[in-house]
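Here's the structure we're looking at; comments come further down.
The values are calculated or read from the model by the stated rules, or taken from the named source; none is laboratory data. The shown structure was predicted, so the numbers you read here are calculated from the model rather than taken from an experiment. Glycine also receives a Cβ, built like all others from the backbone with ideal geometry; neighbour counts cover every protein chain displayed.
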Amino acid sequence: MSVDQRVKEIVVEQLGISADEVKGESKFVEDLGADSLDLTELIMAMEEEFDVEIDDDKAQEILTVQAAIDFIKANQ
Amino acid sequence: MPDLIKTALITGGSRGIGRACAIRLAKSGYQVFVTYVSRPEPAFETCKIIEEAGGQASSFALDIGDHQAIVDFFKEKIKDRVFLSVLVNNAGSTMDGLLVRMGQEQWEKVLRVNLSGSFFCLQQAAKIMMRQKTGRIINITSVTAQSGNPGQANYTAAKAGLMGLTRTAALELAPRNITVNAVAPGFIETDMTAALNQEVRERYLEMIPLKRFGYPEDVAESVAFLASPGGAYITGQILGVNGGMYM
């Protein structure tokens, strides 16, 4: 499975939403209804899935699904 | 994911309050994990008591003053291996002395074990409980953190810190249906108080309206209540179990 698909799957799982809601440009908070704990859990789940470390400063810049995908591709 | 066994983790389950909590939570139906620092026998004994009563228990060596050891323990023994229903942050230690004579190590070690150790256990447990979307965390603090106690600047500071941590953790974790409370025992019949001489005991008794020291079981009942379905709507609270000596 590609990074794009795996990230989208994590988002679907963590936020309990359907896959067709999750687009690259989707903003976690505004579009997908995530709160701050959801964001933390998303970051933790991505760290685990891809074995990367995402520090808090970086995490604050990851506002969209695409930003998460790009970060992981750049840091794997 | 297979059905994991509902488990209560009690740090410092060898003696006194920790042992009573372990035995009582086993009676509530949880598999019980207890930790000990250096001497395995008393922790084995706790497990034996539980097993003989038909419960399930295991003991693990864990130095609560060692951050990496805590991280490794949760990774190897808890995560994806059990359903972590309850964490009781009970492990603690004292190194008493008057504050003007208190050395740096005496201060820092007591803070490290009682406060930092509890925080790191809570942090690891919270990560797991957030995924579970349920959990109960109970921090054992002390009446001495509420009233002050000469000779225990380090211990009372650490235990008071645990109260602040309890409230903040309760706020942060409430959205995931995790409750965080503290139980603040008064003077309890344990090894710690057995060492007191008769004169000191009697002076303490005069401060206790119910005119007796508490039993470890008194504390364990409160912990079991906070962990039970009946305690579901209680979070961020400090429950005094002290015979009325502090209100």
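Things to note:
- Candidate set from the stretch B:168-209 (those that are in contact (Cβ under 8 Å) with a residue 60 or more places away in the chain and surrounded by fewer than 16 Cβ atoms within 10 Å (Cβ to Cβ)); member that is nearest to B:TYR155 (Cα to Cα): B:MET192
- Annotation: of all residues in the stretch A:38-76 being within 14 Å of chain B (Cβ to nearest Cβ) and among the β-branched types (Val, Ile, Thr), the one that is nearest to the chain's Cα centre (by Cα) is A:ILE43.
- Test: A:ASP35 is closer than 21 Å to B:LYS127 by Cα, within 14 Å of another protein chain (Cβ to nearest Cβ) and of a type in the set (Asp, Glu): yes
- Restricting B:LEU205, B:LEU196, B:LEU173, B:LEU210 to residues that are within 14 Å of chain A (Cβ to nearest Cβ) and either modelled with pLDDT of 90 or more or outside any helix (DSSP H, G or I) (or both) narrows the list to B:LEU173.
- Cβ-Cβ contacts under 6 Å between residues 6 or more apart (or on different chains), taken from a first residue in the stretch A:51-76 that is of a type in the set (Phe, Trp, Tyr) to a second residue that is buried (at least 18 other Cβ atoms within 10 Å of the Cβ), are listed as A:PHE71/A:ILE62.
- Checked against the criterion of being of a type in the set (A, V, I, L, M), without any contact (Cβ under 8 Å) to a residue 60 or more places away in the chain and crowded, with 16+ Cβ neighbours inside 10 Å, the candidates A:MET1, A:MET44 yield just one match: A:MET44.
- With a requirement of 3 or more residues that are without any contact (Cβ under 8 Å) to a residue 40 or more places away in the chain and of a type outside the set (A, V, I, L, M, F, W, C), the helices (runs of 4 or more DSSP H) lying completely within the stretch B:1-91 that satisfy it span B:40-52.
- In a residue-by-residue description of the stretch B:122-138, the property of being away from every other protein chain (no Cβ under 14 Å), in a loop (DSSP other than H, G, I, E, B) and closer than 17 Å to B:VAL183 by Cβ applies to no position.
- Tally, over the stretch B:213-236, of residues that are in contact (Cβ under 8 Å) with a residue 60 or more places away in the chain, surrounded by fewer than 19 Cβ atoms within 10 Å (Cβ to Cβ) and not in a helix (DSSP H, G or I): 3
- Residues being of a type in the set (Ser, Thr, Tyr) and either over 16 Å from B:GLN123 (Cα atoms) or within 14 Å of chain A (Cβ to nearest Cβ) (or both) - total across the stretch B:176-193: 2
- When the residues of the stretch A:5-32 are filtered to those that are surrounded by 16 or more Cβ atoms within 10 Å (Cβ to Cβ), over 27 Å from B:ALA170 (Cβ atoms) and touching a helix residue (DSSP H, G or I) at 6+ places or on another chain (Cβ under 7 Å), the one that is farthest from the other protein chains (Cβ to nearest Cβ) is A:SER26.
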